[in-house]
Amino acid sequence: MSQFLQPTILLLREGTDTSQGRAQIVSNINAVQAVADVVKSTLGPRGMDKMIQTGPKVTISNDGATILNLLEVVHPAARVLVDIAKSQDDEVGDGTTSTTLLAAELLKEAKPFIEEGIHPQIVIQGYRKALELALEKLEGFSINISRDSPEDKRNTLLKCAQTALNSKLLANTKQFFSELVVSAVEKLDPNILDRDLIGIKNVTGGSVTDSFLVDGVAFKKTFSYAGFEQQPKRFENPKICLLNLELELKSEKENAEIRIEKPEEYQQIVDAEWALIYEKLETIVKAGAQIVLSKLPIGDLATQYFADRNIFCAGRVAQEDLLRVQKATGGQVQTTVNGLNPETFGTCGLFEEVQVGAERYNLFKNCPQSRTATIVLRGGAEQFIQEAERSLNDAIMIVRRCFKANKIVAGGGAIELELSRYLRHYARSVTGKTQYIVNSYAKALEVIPRTIAENAGLNSIEIMNKLRQRHAQGGDEGRWYGVDINGQSGVCDTHSSFVWEPSLVKRNALCSATEAACAILSIDETVKNPKSDQDTKMKPKGQPGRPPMGMRR
Amino acid sequence: MSLAFDDYGRPYIILREQGSKKRMKGLEAYKSNILAAKAIANTLSSSLGPKGMDKMLVSPDGDVSVTNDGATIVEKMEIQHPTAKLLVELSQSQDAEIGDGTTGVVVLAGKLLEQALTLLDKGIHPLKISDGFDRACDVAIKHLETISEEIDIQANEHEALIQAACTALGSKVVSKRKRELGKIAVTAVLDVADLNRKDVNLDLIKIQTKTGGSVEDTRLISGILIDKDMSHPQMVKEVNDAKICLLTCPFEPPKPKTKHNINISSAEDYKKLYQQEQQYFVDMVKLVKDSGANIALCQWGFDDEANHLLLQNNLPAVRWVSGTDVELIAMATGARIIPRFQEITPEKLGKAGSVKEVQFGTSNERMLVIENCQCTKAVTILIRGGSQMIVDEAKRSIHDAICVIRNLIKDNRIVYGGGSAELACAIQVLQYADEVSSVEQYAIRSFADALEGIPSCLADNCGLNPITSVAQAKARQLQENNHRIGIDCMELGTTDMKEQRIYETLSSKKQQIQLATQVVKMILKIDDVIAPDDY
């Protein structure tokens, strides 16, 4: 008998979780589904928000990437979804929810094939083929927007920004905010469009429509010393000196040692220290600066010195703010005042310290070389403003994208349906298993309009039938029919109702969703090492099949 | 959150610490959010209006505060629930922006949520409700602007401002003295206001509290009060025609910032050092004296040696004056802050009519009053009262009143209080509702009902029958086409708020309605709550 009792071969560390084979793929697909379900209801103009509490912090958001990030997904396969949402966020800034949903739907469609025993690689091949065709068509379908006149261009940008804001808390004031966003982006250098140069400052209080755009820089009053209030708070065409220098009475070197013999010399040392700082201050004043900003602290001595000479100063200005001031005013940050040259000073039309809500803000307006803008956001609650900031961020990213790429497609699920129609049509011309798979891809694409309709409380089956029929009729008329959340019939031509998105968003969404789906399909084994220090408290309660370890009575 | 199982019955973990997280979805989430927020609003509703009650709040350290101010109450309640926290922030942002009406905004949000709950039960999609609220809010705001009246803030010795301050103070514990306190607040604000730019820097009004005496003893000092006394008990207590020297360096031998130590090897050297030090003190006092200063205020401390010398030289001095006080004094007296003794010049001295040390009651505590300053741009309100709690509450009340006056200087349009403005808006919104053909109609109508909740809450707090009095007021508004009819809280025999002179600022009312709608919209948009499962 003993020959049947094979010795157990321990290959991996005890507690290592391995699972493999077809079951593993199916299990991964299910996990992805569960995660996608969480964000599902945020899609579309009638999408809802999620409230997620992590520790003492509460976040209310509609942004797919933000939600997935806060969920702290640990399942290895489901993490892939989080990653694609993040990459979509970094790359285009919008469309994170639809990417996630699409990936999950592709996997869901693949599940029956896997269960029936089709090799995952065949499914992957089919999906890749379908993606290739879809992208090709997407290019063909997308519309070039005439941007001959600046107004046309601006209009397009406004429409795209509004589409991005549609599903957010700001939907009711989208007109207002799209203007704000477009104006802000227009301020940037059109060749680079550096997102970092648009600052968003949050001030609680006021209504959202009290938000405003500063064509220059705004930042909160920094910490100030006594004497600050005696400084002038308003300048026209000031000379702005930007420093990265500490203006404070302090020891020059940490470990310096000086030996003096006579008590009289003591005073000299004290005086020398004062002379050092006074020399710095004097150089600044002599150079004719009217506003002095520094990244490092400006001490009370310097504050009072400047106050006496009608100069405004602010120390401890945040790095990004200083950078924006530099861009806006054309000044250069100096690290020393030796040989301070008035040419390195920046200027702006108007400098003012104003009260915004409960805070005082420094505003640098009408900057000559303004390549930067600041949006000051107002609103009732902290979370509200934070969500507004995220929404504006999406809109800014979209407008930035639109600024360059001049191709758009219609939203509201119209483009997905059109691609789906095309793929279904194509599938008929192929033989073999690929036919099924391309068909599934086509079906998966429909998840976008279906979810939009579901979230809006419409009868999704009816809407989908109407849409499929419109698209099947073909031609230019039917092409842009999408879900209409306001009208009676539930469908409309979303192109003519100005639901526009840059085709780039869709392109990226399709690519990354397909890639993610393929990646998950090709995993057939997971080896998960146990945590090095097993903390029984960390283990979820009531998990079957795994008795708590190390319990002794 | 429950575990998920795959098709083979194996559980899998998706989220970190999944077992310890709680998730609420859909209708359950809406309802729990609304109920939590409503609970807060209900707590506050009894504080609304002139007959509103106070709350006593005990902090974890055992500090007791009694207040009627909405923002303070919700802040001290230390609310945990995430949705309820939104209301706390709502109240605080009203406080930051307007300063007054912090209770009203929360109560209104509560009423709106209450209405939303019934609408949800009818099966209306939450976003339809929030759309409706939004449209109703726009109508209400527009109507508020049409019924608002401009007042002349200058006329009749700023009578209108005083009345508005009285309205703000009316609901507070100090309401008995509202007229006096209102006057103090108005004078204080006008003293520091820049009427051309319509800007008021509230930092220039210092509110100082001192327990003892009664609220009637509260007074306005057209100058500065600092909670310090002369550095030596034998120094003169009063200086007239003061020339103030403001120092930010200590009366001590100067020290280099570089690390240093002194090695002494002989007794002579020690003596020499001592003399040197003495010389420093003498020089310092001399420099101050020579400039013509007759009082020195120092941000830092000084040595006993220096103190003694100052007394001998008949130079009163104050030590450890805080940085903000130094700044205020500099602004008020036109002084320049002097960083070291060598730089003292007669031009840098500040001038004030008098600086005197005053003593309160029998306590040994003294304060320094600087009055008749050269450029009065800073004022102090000294609040007195029987107990710390009363003084604190009076401080908050005066702050509210000051904010109201500031808002009137910024924008001199007013609406009438006593719930009349809300009623007028409700009537307007109701009319508008009938013109809307979609589902939003219900939401708009509910918005009107919620607006009516404010006067009814007022009436309730005053012991009137809320339903009859609101109904009467509403009927009269419609019959007489008079938007000034409100609730007669003080039982003065008239419901016309213009006669009762209950003024509220338009900006505050507008803000209340806008902020409340905004937050309600936000709460209605949440359909999923994921939180740690520990409460």
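Filtered by the rule that a residue be surrounded by fewer than 16 Cβ atoms within 10 Å (Cβ to Cβ), of a type in the set (Ser, Thr, Tyr) and within 14 Å of chain A (Cβ to nearest Cβ), the stretch B:319-367 gives B:Ser322, B:Thr324, B:Thr345. Please work out which residue is farthest from the other protein chains (Cβ to nearest Cβ), limiting yourself to the stretch B:492-535 and to residues that are in contact (Cβ under 8 Å) with a residue 24 or more places away in the chain and in a loop (DSSP other than H, G, I, E, B). Ranking the candidates gives B:Thr495 first. When we screen A:Val74, A:Val35 for residues that are within 9 Å of chain B (Cβ to nearest Cβ), of a type outside the set (Asp, Glu), more than 22 Å from A:Gln162 (Cα to Cα) and in contact (Cβ under 8 Å) with a residue 60 or more places away in the chain, the only hit is A:Val35. The set of residues in the stretch B:102-130 being part of a helix (DSSP H, G or I), out of contact with any Phe, Trp or Tyr (no Cβ under 7 Å at 6 or more places or on another chain) and at the interface with chain A (Cβ under 10 Å from one of its Cβ atoms) consists of B:Val105, B:Ala109, B:Leu127, B:Lys128, B:Ser130.
Residues of the stretch A:422-453 that are in contact with a helix residue (DSSP H, G or I) (Cβ under 7 Å, 6 or more places away or on another chain), crowded, with 19+ Cβ neighbours inside 10 Å and of a type in the set (A, V, I, L, M, F, W, C): A:Leu423, A:Ala427, A:Ile437, A:Val438, A:Ala442, A:Ala444, A:Leu445, A:Val447, A:Ile448, A:Ala453.
Yes/no matrix, rows are residues, columns are (1) within 11 Å of the chain's Cα centre (by Cα); (2) within 12 Å of chain A (Cβ to nearest Cβ):
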residue: B:Val58; (1), (2): no, no
residue: B:Asp63; (1), (2): no, no
residue: B:Thr67; (1), (2): no, no
residue: B:Glu78; (1), (2): no, yes
residue: B:Ser93; (1), (2): yes, yes
residue: B:Asp100; (1), (2): yes, no
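Which is of a type in the set (A, V, I, L, M, F, W, C), modelled with pLDDT of 85 or more and under 30 Å from B:Ala84 (Cα atoms), of A:Ala395, A:Ala318? Quick ask: steps written out before the conclusion?
Numbers: A:Ala318 fails: under 30 Å from B:Ala84 (Cα atoms).
On inspection, the qualifying residue turns out to be A:Ala395.
Could you grab me the full set of residues in the stretch B:81-91 that are more than 8 Å from chain A (Cβ to nearest Cβ), within 15 Å of the chain's Cα centre (by Cα) and of a type outside the set (Gly, Ala, Ser)? Answer for the stretch B:81-91, where residues must be more than 8 Å from chain A (Cβ to nearest Cβ), within 15 Å of the chain's Cα centre (by Cα) and of a type outside the set (Gly, Ala, Ser): just B:Val88. Looking across the stretch B:247-275, the residues that are more than 9 Å from chain A (Cβ to nearest Cβ) and not hydroxyl-bearing (Ser, Thr, Tyr) come down to B:Leu247, B:Cys249, B:Pro250, B:Phe251, B:Glu252, B:Asn261, B:Asn263, B:Ile264, B:Ala267, B:Glu268, B:Lys271.
Yes or no, residue by residue, for (1) in contact with a Phe, Trp or Tyr (Cβ under 9 Å, 6 or more places away or on another chain); (2) farther than 30 Å from A:Asn529 by Cβ:
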{"residue": "A:Leu68", "(1), (2)": "no, no"}
{"residue": "A:Leu71", "(1), (2)": "no, no"}
{"residue": "A:Glu91", "(1), (2)": "no, yes"}
{"residue": "A:Asp94", "(1), (2)": "no, yes"}
{"residue": "A:Phe113", "(1), (2)": "yes, yes"}
{"residue": "A:Leu135", "(1), (2)": "no, yes"}
{"residue": "A:Phe141", "(1), (2)": "yes, yes"}
{"residue": "A:Pro150", "(1), (2)": "no, yes"}
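Within the stretch A:56-65, one or more residues are more than 9 Å from chain B (Cβ to nearest Cβ), assigned to a helix (DSSP H, G or I) and out of contact with any strand residue (DSSP E or B) (no Cβ under 6 Å at 6 or more places or on another chain).
The strands (runs of 3 or more DSSP E) found wholly in the stretch A:126-238 and carrying at least 2 residues that are within 12 Å of another protein chain (Cβ to nearest Cβ) and in contact (Cβ under 8 Å) with a residue 60 or more places away in the chain occupy A:198-204. Checking the stretch B:278-294 against the condition returns no match, with no residue being under 42 Å from the mean Cα position of the chain (by Cα), within 20 Å of B:Asp227 (Cα to Cα) and among the aliphatic types (A, V, I, L, M).
Could you tell me which of the residues A:Asn244, A:Asn237 is among the polar types (S, T, N, Q) and over 29 Å from B:Ala335 (Cα atoms)? Just a single option satisfies the conditions, and that option is A:Asn244. Does the stretch A:399-419 include one or more residues that are in contact with a Pro (Cβ under 9 Å, 6 or more places away or on another chain), within 18 Å of A:Ser98 (Cα to Cα) and part of a strand (DSSP E or B)? Yes, the conditions are met somewhere in the stretch A:399-419. So which of A:Glu264, A:Glu273, A:Glu282 is within 14 Å of another protein chain (Cβ to nearest Cβ), in contact (Cβ under 8 Å) with a residue 24 or more places away in the chain and out of contact with any strand residue (DSSP E or B) (no Cβ under 9 Å at 6 or more places or on another chain)? After applying the criteria, what remains is A:Glu273.
Restricting attention to the stretch B:209-231 and to residues that are over 22 Å from B:Gly350 (Cα atoms) and not small (Gly, Ala, Ser), the residue that is surrounded by the most Cβ atoms within 10 Å (Cβ to Cβ) turns out to be B:Thr218.
The values are calculated or read from the model by the stated rules, or taken from the named source; none is laboratory data. These figures come from a predicted structure and were not determined experimentally. Glycine gets a Cβ as well: all are built from the backbone with ideal geometry, and neighbour counts include every protein chain shown.
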